[in-house]
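This report refers to the structure that appears directly beneath it.
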Amino acid sequence: MATPMRRTLVALHRATCSSLMNAEASLDLRHPLPLYLPVRTKKRYFIPPAVGMKGMKDVNIKDRARKAGVAPRQQYFERPINIASTSGVFDPYIPPEGDARLSSLSKEGLKQRTEQIKQSAGSQLAIRKIKEHDPQFSTKTFAEQAQEIFIEAQTALTQFNKEKLHSLLTERCYPEMTRGNRYKTISWRFLESLESPKVVHARCPDMISKGNLYGQVTVRMHSKQTLAIYDCFGRLMMGSEEQPKDVLEYQV
């Protein structure tokens, strides 16, 4: 009786052990190892220091780069030059105090008139130089043409017509007129001319080389205008479309 019982227990023990081993083998799941491919990279002999590192001694980075065999790139600061027009005003015209307010018949108005006559000697010489290269130049017709160009340029600015502005303005005047006005709405009108435009100042100096002349003529314009500027949301920033104002300008 004892022998068959013992054999049964031994067989049961062996079956239990084999089942446990099979379970352990089934649970022992291992992921395959990742595959790494070696890649050759360039060895860096010179590493520039990080910006703002504290506790570092002041070392000339260019000398360290040259010792390591790395040639630092030279920086060139180039400034474009345009010889079609000047980048500034040679001799700015200083208008007299009380211009367009004082009468030429008053005592102060007569003093200003005499001073303008004295200062006009340089302008007359400049106008003679301009007429030598442009015989059709006239102070009367040029002042009227300058006012027409001024009106066309301001009208093109309200529409932001780039092609029209480039054809009317110089390379310096274009960025000054269009800077900050790309996303604004400008409403401008030229109502009337209170006084006829006239040439008040002229200069014709040499530039770069002798004989290379540049002429600058200052035109006085006294007119009545309306101006209103709106932001990108349609809100009024300055001016008014209904209230005209007298404007005295000196255009070069």
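Figures for the structure shown
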item: Hits in region 191-225 (condition: in contact with an Asp or Glu (Cβ under 9 Å, 6 or more places away or on another chain) and among the hydrophobic types (A, V, I, L, M, F, W, C)); result: Leu194, Leu213, Val219, Met221
item: Any strands (runs of 3 or more DSSP E) falling wholly within region 136-252 and containing at least 2 residues that are crowded, with 16+ Cβ neighbours inside 10 Å and polar (S, T, N, Q); result: 216-230
item: Any pair with Cβ under 6 angstrom, 6 or more apart, that starts in region 72-92 at a residue that is over 21 Å from Pro205 (Cβ atoms) and ends at one that is outside any loop (DSSP other than H, G, I, E, B) and of a type outside the set (S, T, N, Q); result: Pro72/Lys62; Pro72/Ala65
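Okay, residues lined up against (1) at pLDDT 70 or above; (2) among the acidic types (Asp, Glu); (3) more than 38 Å from the chain's Cα centre (by Cα); (4) open to solvent by 90 Å² or more (accessible area, probe 1.4 Å):
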position: Arg44; (1), (2), (3), (4): no, no, yes, yes
position: Gly52; (1), (2), (3), (4): no, no, no, no
position: Ile83; (1), (2), (3), (4): yes, no, no, yes
position: Leu105; (1), (2), (3), (4): no, no, yes, yes
position: Glu115; (1), (2), (3), (4): no, yes, yes, yes
position: Lys118; (1), (2), (3), (4): no, no, yes, yes
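The values are calculated or read from the model by the stated rules, or taken from the named source; none is laboratory data. Everything quoted here is computed from the prediction, not taken from an experiment. We place every Cβ from the backbone using ideal geometry, glycine too, and count neighbours over all the protein chains shown. Note: areas computed on protein heavy atoms with side chains; ligands, DNA, RNA excluded. Shrake-Rupley method; radii C 1.70, N 1.55, O 1.52, S 1.80 Å.
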